[in-house]
Amino acid sequence: MPACFEVYVETHFSAAHRLKGYPGDCARLHGHNWMVEVTVRCTQLDALGIGIDFRDVRTALKEAVADLDHQDLGEIPAFRAQNPTSENIARYLYRELSSKLDDASRRVSKVKVCETPGAGALYWEE
Ligand SMILES: Nc1nc2c(c(=O)[nH]1)N=C([C@H](O)[C@H](O)COP(=O)(O)OP(=O)(O)OP(=O)(O)O)CN2
Ligand SMILES: [Zn+2]
């Protein structure tokens, strides 16, 4: 069986959103402190025993999240045609991060987004 490590880094961002068509208060503009966790699957370790440096993951994650931080998410092009739900934000960040971090020996395996402690969504592609 091939060796497999998963390396993860978490961060937060603050933003406003509304869920168009939602049958309740989430249809109104409101804010969250979102938690985002990215997990990178690595099949090799370097000479230091590192699959991917936490710092490299954190840099990519902070760059991706910077485009969302302190924004009204509905005004961001990625969320004009789809609601900025946890699911859609997780998919958006997965694709942003995959384009920066994937290589021959590692790939982003999942992104987790939580709007409130204990409730969120995970996205991955198989
Ligand atoms: N599957 C999803 N369900 C909901 C989402 C979502 O993105 N994916 N989003 C919302 C709203 O954004 C809502 O603001 C968050 O709801 P909730 O987790 O219930 O948070 P509250 O602060 O409203 O918690 P209460 O304890 O209910 O006050 C809804 N659903
Ligand atoms: Zn919300």
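The values are calculated or read from the model by the stated rules, or taken from the named source; none is laboratory data. In this text, all values refer to a predicted model and were calculated from it rather than measured experimentally. When we count neighbours, we look across all protein chains shown, and the Cβ atoms used for this are built from the backbone with ideal geometry, even at glycine.
A compact table of results
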quantity	calculated
Long-range neighbours under 7 Å by Cβ, at least six apart or interchain, first residue within 21 Å of residue 27 (Cβ to Cβ) and modelled with pLDDT of 95 or more within region 82-98, second in a helix (DSSP H, G or I) and more than 16 Å from ligand 2 (Cβ to nearest atom)	92/78
Criterion violated by residue 76 - all others in (1) over 19 Å from residue 9 (Cα atoms); (2) away from ligand 1 (no atom under 13 Å from the Cβ); (3) crowded, with 17+ Cβ neighbours inside 10 Å; (4) not charged (D, E, K, R) satisfied	(3)
Tally, over region 79-101, of residues that are surrounded by 14 or more Cβ atoms within 10 Å (Cβ to Cβ) and either more than 16 Å from ligand 1 (Cβ to nearest atom) or among the acidic types (Asp, Glu) (or both)	7
Members of region 1-47 that are away from ligand 2 (no atom under 16 Å from the Cβ) and either at pLDDT below 95 or in contact with a helix residue (DSSP H, G or I) (Cβ under 7 Å, 6 or more places away or on another chain) (or both)	1, 2, 3, 7, 9, 11, 38, 40
Qualifying residue in region 48-55 (condition: of a type in the set (Lys, Arg) and more than 15 Å from residue 14 (Cβ to Cβ))	yes
Test result for residue 63, farther than 17 Å from residue 95 by Cβ, away from ligand 2 (no atom under 15 Å from the Cβ), out of contact with any strand residue (DSSP E or B) (no Cβ under 6 Å at 6 or more places or on another chain) and of a type outside the set (A, V, I, L, M, F, W, C)	no
